[in-house]
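The values are calculated or read from the model by the stated rules, or taken from the named source; none is laboratory data. Source: prediction; values computed, not measured. Reconstructed Cβ throughout: ideal geometry from the backbone, glycine too, with neighbour counts over all protein chains shown.
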Amino acid sequence: MSGRFITFEGIDGAGKSTHIEALAQRLRERGAEVLCTREPGGTELAEQLRELILHRPMDALTEALLVFAARRDHVQRVIAPALARGSCVVCDRFTDATFAYQGGGRGFDAGVLSQLEQWVHGALQPDLTLWLDLPAQTAAMRRAQARAADRFEAEDLAFFERVRAGYAARMAAQPQRFAHIDSSLDKAAVRAQIEAELEQRGW
Ligand SMILES: Nc1ncnc2c1ncn2[C@@H]1O[C@H](COP(=O)(O)OP(=O)(O)OP(=O)(O)O)[C@@H](O)[C@H]1O
Ligand SMILES: Cc1cn([C@H]2C[C@H](O)[C@@H](COP(=O)(O)O)O2)c(=O)[nH]c1=O
């Protein structure tokens, strides 16, 4: 297999980092070149923007513009060239996160986000988006045991339920590329669901 763009999505603490490397390993065992990357980030410039986005106070428009600026650099320098070489790109978050966090969480205008999406990456969309879904309360308990909170992770449960609703809306709009994964289950059960989605596609 070659040239697939796979994204992981979900609220903070959903388990994306936990499962990305196992999925990449599975693809490599089947002969794929795999590039794992993340958003915001993935280039030197985008990682610098990530620091600002995660830690500096700003309004929702500034936040949206910065995540798309980081994404533009990432797509141009890393994602598009890797896909063109025939590599699989596995990305921890992409534009669905912007619709979920800035759109759902912050209440920012989805029409403006759609315009920015079109300008920044045109027709490029993931081939498969694994949405690791779980209640905000469960994710908060997992995060509390794991690390100190950044600007998003410090938000309340209502914010994360709006983000979750943002993901659900995005999946309803583009169901063909989404796989809904029940991430409230234990790690082995989550991994089995991810494997089943790949099996189903012959990947
Ligand atoms: N299915 C699971 N059951 C219980 N704990 C889990 C499960 N999956 C992950 N965890 C734990 O929850 C914490 C958060 O997981 P992880 O860092 O993978 O989430 P994430 O989606 O990458 O978070 P973020 O988006 O904030 O980076 C970690 O301590 C991890 O070990
Ligand atoms: C891509 C993207 C990300 N965010 C937020 C979501 C998370 O809280 C952080 C990234 O942290 P992670 O530990 O790497 O998941 O950024 C966002 O608000 N909008 C986006 O487009």
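The set of residues in region 54-96 being within 16 Å of ligand 1 (Cβ to nearest atom), in contact with a helix residue (DSSP H, G or I) (Cβ under 8 Å, 6 or more places away or on another chain) and closer than 18 Å to Ser17 by Cβ consists of Val90, Cys91, Asp92, Arg93, Phe94, Asp96.
If you check Glu39, Glu33, Glu29, Glu47 for being more than 25 Å from Ile194 (Cβ to Cβ) and among the acidic types (Asp, Glu), only one passes: Glu47.
In region 97-131, the qualifying residues are those that are more than 16 Å from ligand 1 (Cβ to nearest atom) and aliphatic (A, V, I, L, M), and the one that is surrounded by the fewest Cβ atoms within 10 Å (Cβ to Cβ) is Ala123.
Looking only at residues in region 176-203 that are out of contact with any Asp or Glu (no Cβ under 7 Å at 6 or more places or on another chain), part of a loop (DSSP other than H, G, I, E, B) and not basic (Lys, Arg), the one that is nearest to Leu23 (Cα to Cα) is Trp203.
Which members of region 54-83 meet the condition of being touching a residue at least 60 places away in the same chain (Cβ under 8 Å) and of a type in the set (A, V, I, L, M)? Once the filter is applied, which keeps residues that are touching a residue at least 60 places away in the same chain (Cβ under 8 Å) and of a type in the set (A, V, I, L, M), region 54-83 yields Leu54, Ile79, Leu83.
Against the test of being touching a residue at least 40 places away in the same chain (Cβ under 8 Å) and either closer than 20 Å to Phe68 by Cα or part of a helix (DSSP H, G or I) (or both), the options Leu130, Leu124 yield a single qualifying residue, Leu124. Among the residues of region 11-48, those identified as of a type in the set (Val, Ile, Thr) and in contact with an Asp or Glu (Cβ under 7 Å, 6 or more places away or on another chain) are Ile20, Thr43. Within the option set Arg77, Arg26, Arg71, being at pLDDT 95 or above, surrounded by 15 or more Cβ atoms within 10 Å (Cβ to Cβ) and under 17 Å from the mean Cα position of the chain (by Cα) holds for one residue only, Arg71.
Among the residues of region 132-151, which ones are of a type outside the set (A, V, I, L, M, F, W, C), surrounded by 15 or more Cβ atoms within 10 Å (Cβ to Cβ) and within 13 Å of ligand 2 (Cβ to nearest atom)? Of everything in region 132-151, those that are of a type outside the set (A, V, I, L, M, F, W, C), surrounded by 15 or more Cβ atoms within 10 Å (Cβ to Cβ) and within 13 Å of ligand 2 (Cβ to nearest atom) turn out to be Arg142, Arg143. Of all positions in region 92-112, none carries a residue that is more than 9 Å from ligand 2 (Cβ to nearest atom) and more than 30 Å from Ala158 (Cβ to Cβ).
Among the residues of region 81-123, those that are under 20 Å from Ala168 (Cα atoms) and among the charged types (D, E, K, R) comprise Asp92, Arg93, Asp96, Arg106, Asp109, Glu117.
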